[in-house]
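Peer 1: Would you mind keeping the following structure in view while I ask a few things?
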Amino acid sequence: MRKTWTLVWKLLLIAAVAGVALAVTNQITKGPIEEGKIAAANEARRGVMPEAEEFEEITDIPEGIDSVYAAKKGGEVIGYTAQVTVNGYGGKIEVTVGMSVDGMITGISVGGSEFSETPGLGEKTKSIEFRSRFLGLKFDPENPFKAEKTPQKENEIQAVTSATISSQAVTDGVDTACGCIMEFIAEGGE
């Protein structure tokens, strides 16, 4: 019986030390991880609105939108960026869209810290080849974008082969972000 209690106390001591070590590690890494997420979001904004000199966060945004920023150049708003999170085939996908004040898509970014689409298939939605299919398009809320295997209409985007779910998820994210941005453009500001 005494051996059992000795083993129990040793096990409890090991568990307590491990718990404290994990808590300390979490405190040490929490800041750098958060800074990394902020840096990635800033990079995505610069990537989808390359002409902007600065970004100003808009805090009064609709539900379902992660963030909206006014993109400025020379102190004037030249467009907006919006980020949404959609569900793809493998999990969450962050889609960031840049749009000029005339309603043209200036770029999209696909990814996020939880991005886990199928390697070699859904993962191709992050490629420049797929993302460039949206460049220069105008968003029409009456005729949203659709991912299609063989696009026939102006609002149809060619889906990544064998990754229709991922392609449509990204396309839905672009639609949602564009719809939000169009509201800010229609209101004429921030």
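The values are calculated or read from the model by the stated rules, or taken from the named source; none is laboratory data. All figures in this text were calculated on a predicted structure; none of them were measured in a lab. Backbone-built Cβ (ideal geometry, glycine too); neighbour counts: all protein chains shown. The accessibility values were calculated without ligands, DNA or RNA, using every heavy atom of the protein model including side chains. Shrake-Rupley method; radii C 1.70, N 1.55, O 1.52, S 1.80 Å.
Peer 1: Per the Cauchy relation, a quarter of the hull surface: what is the mean projected area of the convex hull of the alpha carbons in segment 46-147, in nm²? List each step's numbers first, then the result.
Peer 2: Working: hull surface 28.2 nm².
Average projection, Cα convex hull of segment 46-147: 7.1 nm².
Peer 1: Another question, then. Report D for the chain in µm² per second (integer): Stokes-Einstein, Kirkwood Rh on Cα pairs, 10 °C, 1.306 mPa s. Walk me through the numbers on the way to the answer.
Peer 2: On the way: Rh = 18.5 Å.
Approximately 86 µm²/s, per Stokes-Einstein.
Peer 1: With labels modelled as points extended 7 Å from the Cα through the Cβ direction, what inter-label distance (nm, one decimal) is found for residue 102 paired with residue 87?
Peer 2: About 3.9 nm, to one decimal.
Peer 1: So what is the relative contact order of segment 34-190, in percent, for Cα pairs below 8 Å that sit 6 or more residues apart? Intermediate results must be reported in sequence, preceding the final value.
Peer 2: Numbers: 324 pairs, mean separation 31.5, N = 157.
Over segment 34-190, the number comes to 20 percent.
Peer 1: Please list, by residue number, every one of the GluC sites (Glu not before Pro) in segment 97-149 that is coil in DSSP and has at most 16 other beta-carbon atoms within 10 Å.
Peer 2: Values: sites: 114, 117, 123, 129, 142, 148; in loops: 114, 117, 142.
Here the sparse-neighbourhood loop sites are 114, 142.
Peer 1: Taking only Cα atoms, what is the 0 to 90° angle, nearest 10, from helix 164-187's long axis to the longest principal axis of the chain?
Peer 2: 60 degrees
Peer 1: Ok, one more. Taking the chain as a Gaussian network, Cα atoms linked when under 10 Å apart, which of 21, 41, 169 shows the biggest mean-square fluctuation?
Peer 2: For the chain, modelled as a Gaussian network with Cα springs under 10 Å, the answer is 21.
Peer 1: Which one, 121, 12, 137, has the greatest fluctuation when you compute a Gaussian network model over the chain with C-alpha springs under 10 angstrom?
Peer 2: Among 121, 12, 137, the largest mean-square fluctuation in the Gaussian network model of the chain belongs to 12.
Peer 1: Expected output is a single nm value to one decimal: the length gained when fully extending between residue 118 and residue 164, i.e. 0.36 nm times separation in residues minus the C-alpha distance. What is it?
Peer 2: Details: separation 46, 0.36 × 46 = 16.56 nm, distance 1.17 nm.
Gain on stretching residue 118 to residue 164: 15.4 nm.
Peer 1: Moving to a separate point now. Work out the count of Lys pairs in segment 1-159 where the Cα-Cα distance is under 22 Å, with the pair 8 or more places apart or on different chains.
Peer 2: Within segment 1-159, the lysine pair count is 17.
Peer 1: Could you give the dipole magnitude of the chain about its Cα centre, charging the beta-carbon of Lys and Arg +1 and that of Asp and Glu -1, in debye to the nearest 20?
Peer 2: On the way: 18 positive and 28 negative charges, 314 e Å.
Taking the Cα centre of the chain as origin, the dipole is about 1500 debye.
Peer 1: So what's the angle, to the nearest 10 degrees on a 0 to 90 scale, between helix 2-48 and the longest Cα principal axis of the chain?
Peer 2: It works out to around 20 degrees.
Peer 1: Specify which residue in the list 130, 18, 179 is farthest towards the positive end of the charge dipole of the chain, using unit charges on the beta carbon of Lys, Arg (+1) and Asp, Glu (-1), about the Cα centre.
Peer 2: After comparing all options, I get 18.
Peer 1: Quick check on the chain: helices-only [θ] at 222 nm, where DSSP H runs of length 4 and up contribute -39,500 (n - 2.57) each and the sum goes over total residues. Nearest 500, please. Let's see the in-between values first.
Peer 2: Numbers: 3 runs with 75 residues, N = 190.
One gets -14000 deg cm²/dmol as the mean residue ellipticity at 222 nm.
Peer 1: Looking at the chain, what % of its DSSP beta bridges pair antiparallel, to the nearest 5? If you can, show how the numbers build up before the last one.
Peer 2: Numbers: 28 of 31 bridges.
Once the DSSP bridges in the chain are tallied, antiparallel ones form about 90 percent.
Peer 1: For a Förster distance of 30 Å, can you work out the FRET efficiency between the beta-carbons of residue 6 and residue 34, rounded to the nearest 0.05? Walk me through the numbers before you get to the answer.
Peer 2: On the way: r = 43 Å, r/R0 = 1.43.
About 0.10, to the nearest 0.05.
Peer 1: Could you go through segment 62-79 in sequence order and give the Karplus-derived ³J(HN,Hα) for each residue, using 6.51 cos²θ - 1.76 cosθ + 1.60 with θ = phi - 60°, rounded to whole Hz, and x for Gly and Pro?
Peer 2: x, 5, x, 10, 6, 7, 9, 10, 7, 8, 10, 9, x, x, 9, 6, 10, x
Peer 1: Just 150, 85, 164 to compare: in a GNM of the chain, with alpha carbon springs under 10 Å, which one fluctuates most?
Peer 2: Judging by the Gaussian network model, the answer is 150.
Peer 1: Place +1 on the Cβ of every Lys and Arg and -1 on the Cβ of every Asp and Glu in the chain, take the dipole about the Cα centre, and give the residue among 27, 59, 165 whose Cα lies farthest towards its positive end.
Peer 2: Result: 27, furthest along the dipole toward the positive end.
Peer 1: Next question, about the same structure. For labels at residue 154 and residue 63 in the simple 7 Å Cα→Cβ model, what's the distance in nm?
Peer 2: 3.4 nm
Peer 1: If you roll a 1.4 Å probe over the heavy atoms of the protein chains, what accessible area per residue do you get for the chain, in Å²?
Peer 2: Values: 11490 Å² over 190 residues.
Per-residue value: 60 Å².
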